[in-house]
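The structure under discussion appears below in the form of structure tokens.
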Amino acid sequence: MEKSKILFDKAKKVIPGGVNSPVRACISVKTDPIFIEKGEGPFIYSVDDQKYIDYVLSWGPLILGHLHPQVKQAVESALQKGTSFGAPCELEVELAELIIEALPSVEMVRMVNSGTEATMSALRLARGYTKRDKVIKFIGCYHGHADSFLASAGSGVATLSIPGTPGVPSDTVAHTLLAEYNDLDQVETLFKKHGDNIAAVLVEPVAGNMGTVLPQKGFLEGLRELTHKYGSLLIFDEVITGFRVSYGGAQKYFKIDPDLTCLGKIIGGGLPVGAYGGKKEIMEQVAPCGPIYQAGTLSGNPLAMSAGIATLTQLKKEDYASLEKNTQMLALKLKEILEKKGLPVQVNQIASMFTLFFTENPVINFKSAQKSNQEIFISFYQQMRAGGIYLAPSAFETTFNSFAHTQNEWEFTLKVAEDLKF
Ligand SMILES: *Cc1c(COP(=O)(O)O)cnc(C)c1O
């Protein structure tokens, strides 16, 4: 029997569903997860010695691939000096400076340990700063698993078709107002009705958790205008897009100036990190400068900081334009190959992220993403995996490319796609 299967059976006895994050269980693609032994560059290896080209990359963080030599060395050398101090260390300052230098709107930044903590803390700050309670989020966007954001969320919530989540008090989500992604009219209507009590609009500037969905022309600009007009804050959740869509994130790519920005994934280089930052005037409301409390025992720990610093330092030298071009080529060729097999295919792509949707119509929001044919996706996923291509086990996730992937991996991926049968 396969080792993955044995481990999964064991895991299910001691961990709910056998996994520490729901989508990993591979339920929606009707198979079992692969247990990973190790990663190297663009590859992962299973405990059963199978080699895969990895397009999940730990759900986005590993834009340099697994175990990049610089990142590995930085973590190893930090490790020699201790793993956590719960006191300031030089590395935190260095990572903060790198982030501020890269992101046009960020003047001060606070480190946390995950993207969930980043969005949760940014919302608390927005509420405290504006003295308002409500937040607008978009259907199908995912901002981590804090109570306020588990209304019509993307990612695993979408994958498992969970409408809301038991355990979240209804008066908590009552402060969460929902709009369809790319629909400014709905946002304006919400502002007209609740404008004087809306603390913030929280948005993924490129949605990555209902699959990749791009902001239409004018959408982000419109959110900036409406939030200004009604005195609310615009929060960009750049946990995926930060240092991915460009080195300066989506805000640089689209030239929008949000008030607050949430980060995670890439800035930790594969270790657990998140951060939130923004205008100095707002960030100075965070304790101990200001009255809004937020803290963390392991925040800013030297291992995570060193991985982040090494990752960003290396990314400064990488050619984002060429990775974007190669990703576009890969995505378009996959579309062409699958269309020749008679499948309906839409592809949404920007920089090194893309999603194939099996539907006739353009995907611009969650409603249109949901039209993607699940049966085709399941078959596509299972056959690609059998051929050595490791994709996210959900139709509502993003495929990530990396600077570690080369023409060899992309060509192999296309060859596997050529052989699929539907
Ligand atoms: C992954 C993600 C989060 C949550 O980050 P965690 O580190 O998993 O808590 C928040 N927002 C977006 C856009 C994400 O993709």
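The values are calculated or read from the model by the stated rules, or taken from the named source; none is laboratory data. Bear in mind that the values here come from a model prediction, so they are computed numbers and not experimental data. Backbone-built Cβ (ideal geometry, glycine too); neighbour counts: all protein chains shown.
Have a look at ALA122, ALA151, ALA118 and point out the one that is in a loop (DSSP other than H, G, I, E, B), among the hydrophobic types (A, V, I, L, M, F, W, C), within 15 Å of the ligand (Cβ to nearest atom) and in the same structural domain as PHE191 (by TED's automatic domain parsing).
ALA151
Going through the stretch 383-422 one residue at a time, which ones are touching a residue at least 12 places away in the same chain (Cβ under 8 Å) and aliphatic (A, V, I, L, M)?
MET384, ILE389, LEU391, ALA392, ALA395, ALA404, LEU414, VAL416, ALA417, LEU420
Yes or no: PRO69 closer than 24 Å to HIS145 by Cβ and surrounded by fewer than 19 Cβ atoms within 10 Å (Cβ to Cβ)?
Answer is no for this residue.
Out of THR261, THR297, which single residue is among the β-branched types (Val, Ile, Thr), farther than 21 Å from THR399 by Cα and more than 16 Å from the ligand (Cβ to nearest atom)?
Answer to the selection: THR297.
Here's the yes/no breakdown for (1) in contact with a strand residue (DSSP E or B) (Cβ under 8 Å, 6 or more places away or on another chain); (2) within 24 Å of PRO302 (Cβ to Cβ); (3) surrounded by fewer than 19 Cβ atoms within 10 Å (Cβ to Cβ):
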| site | (1), (2), (3) |
| --- | --- |
| ASP9 | no, no, yes |
| GLY17 | no, no, yes |
| ARG24 | no, no, yes |
| THR31 | no, no, yes |
| TYR55 | yes, no, no |
| LEU64 | no, yes, no |
| ALA78 | no, yes, no |
| PRO88 | no, yes, yes |
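Please find, among TYR276, TYR293, the residue that is of a type in the set (Ser, Thr, Tyr), touching a helix residue (DSSP H, G or I) at 6+ places or on another chain (Cβ under 9 Å) and over 30 Å from SER77 (Cβ atoms).
Step by step, each of TYR276, TYR293 is checked, and only TYR293 is of a type in the set (Ser, Thr, Tyr), touching a helix residue (DSSP H, G or I) at 6+ places or on another chain (Cβ under 9 Å) and over 30 Å from SER77 (Cβ atoms).
Could you run through the stretch 351-375 and say how many residues are assigned to a helix (DSSP H, G or I) and touching a helix residue (DSSP H, G or I) at 6+ places or on another chain (Cβ under 9 Å)?
Counting residues in the stretch 351-375 that are assigned to a helix (DSSP H, G or I) and touching a helix residue (DSSP H, G or I) at 6+ places or on another chain (Cβ under 9 Å) gives 2.
So that you can scan it fast, the table gives a plain yes or no per residue for (1) assigned to a strand (DSSP E or B); (2) more than 12 Å from the ligand (Cβ to nearest atom):
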| site | (1), (2) |
| --- | --- |
| GLN186 | no, yes |
| LEU190 | no, yes |
| ASP196 | no, yes |
| PRO205 | no, no |
| ASN209 | no, no |
| LYS217 | no, yes |
| LEU234 | yes, yes |
| ILE240 | no, no |
| ARG244 | no, no |
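Just one of (1) closer than 30 Å to ALA310 by Cβ; (2) surrounded by fewer than 24 Cβ atoms within 10 Å (Cβ to Cβ) trips up VAL112, so point out which.
(2)
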